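Only the coordinates and a few stated rules stand behind these numbers; no lab work does. Being a predicted model, the structure only gives us computed values, none of them experimental. Note that each Cβ is placed from the backbone with ideal geometry, even for glycine, and that neighbours are counted across all protein chains shown.
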């Protein structure tokens, strides 16, 4: 039987005029959920749902900076230019399956 033990809201923070993911906050929420699951007994599996659009760079065992939120206004202002430079929406979709 699948049982949801914990769920949390997740959204970007504004830092230095950019929208970024609060990685420390997200990890804290994950730890909270795992702790609650552990209190209930044997933990058999964990599921994580994500957009899969963002990423972070690591160096020396840690994040260089919090990942930029995919709808950051600075990023969104360059989307059309990036799509054109990549060969257009059809080419991107054909190569990746991403349709935005």
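Assorted remarks:
- With N the number of residues in the chain, Rg(Cα) / (2.2 N^0.38 Å) evaluates to 1.40.
- Legend: ranking of residues 79, 20 from fewest to most surrounding C-beta atoms inside 10 Å; resulting order 79, 20.
- Remark: spin-label model distance residue 18-residue 55 equals 1.6 nm, labels positioned 7 Å along the Cα→Cβ axis.
- Computed extension length for residue 65-residue 81: 3.3 nm, one decimal, from 0.36 nm per residue of separation with the Cα-Cα distance subtracted.
- Sites residue 8 and residue 98 - FRET efficiency at Förster radius 35 Å, r taken between beta-carbons, to 0.05: 0.85
- Where only DSSP H runs of four or more residues are counted, the chain gives -10500 deg cm²/dmol as its mean residue ellipticity at 222 nm, each run worth -39500 (n - 2.57).
- Rounded to the nearest 10 degrees, the inclination of helix 23-40 to the longest alpha-carbon principal axis of the chain is 30 degrees.
- Entry note, the chain: relative contact order of 24 percent, from Cα contacts under 8 Å with a spacing of 6+ residues.
- Packing-based exposure ordering (other Cβ within 10 Å, fewest first) of 58, 19, 6, 70: 58, 6, 70, 19
- Put in line by how crowded their Cβ is, counting other Cβ atoms within 10 Å and starting with the fewest, 8, 57 read 57, 8.
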